[in-house]
Amino acid sequence: MLLARPDALERLASADHVVLDKTGTLTEGRPRLLPGDYSPEILRRAAGIAAATRHPLAQALLRACPGAPLTAGVQETPGQGLSAAEARPGSARTTGMPAIAIARRAQAIARQNIGFSLAYDLVVVPMAVAGLVTPLMAASVMASSSLIVILNALGAGRVTWTR
């Protein structure tokens, strides 16, 4: 994920919808279908619908399922994507949710880390100023606090995907 601004993840966490640009500028230019629990039949049907357009995400479906037969009666509606009867591959519900989940997880971890830092500042710093703890003890607690923040941030990669 390429972020153009420092607050992009924070703003993405409050998103309800994701709109993808047809030029592929939100991707590396050659998107690919990530591994998942797709049934071969559903993948073949989605690729058959995707064969009706040159959209980069549709091409990723075609590369994942080469030789899929073109589905008849596919309609492409600007801003709405493709449809054939009741099927609509690549809806915002399935394509945008992983990015939103990552942003929300990152925001929650950032809040936890701020809480850890505040706890240190509110408890240990006044105790050190009052002379109730030795400088070595205060430094040890500060180092522990930093390790807790780092380990908590490393846990951000563990995101549970739901559909």
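Once phi is turned into ³J(HN,Hα) by the Karplus curve 6.51 cos²θ - 1.76 cosθ + 1.60 with θ = phi - 60°, what whole-Hz value does each residue of the range 49-62 show in order, with x for glycine and proline?
Per-residue couplings from phi come out as 6, 5, 5, 7, 9, 9, 4, x, 6, 5, 5, 5, 5, 5 Hz.
Stretch residue 83-residue 139 to full length: gain in nm at 0.36 nm per residue minus the Cα-Cα span? Provide the component values of the computation, followed by the final result.
Values: separation 56, 0.36 × 56 = 20.16 nm, distance 6.17 nm.
Using 0.36 nm per residue and subtracting the Cα-Cα distance, I get 14.0 nm.
If I take R0 = 30 Å and measure r between the Cβ atoms of residue 113 and residue 15 in this structure, what FRET efficiency does the formula 1/(1 + (r/R0)^6) give, to the nearest 0.05? Show your work: numbers first, answer last.
Details: r = 22 Å, r/R0 = 0.73.
Efficiency at R0 = 30 Å is approximately 0.85.
Suppose each label sits 7 Å from its Cα in the direction of the beta carbon; what would the residue 147-residue 8 distance come out to in nanometres?
That separation, rounded to one decimal, is 3.4 nm.
Only the coordinates and a few stated rules stand behind these numbers; no lab work does. Computed from a predicted structure; not experimentally measured. Cβ sites come from the backbone with ideal geometry, for glycine too, and all protein chains shown count toward neighbours.
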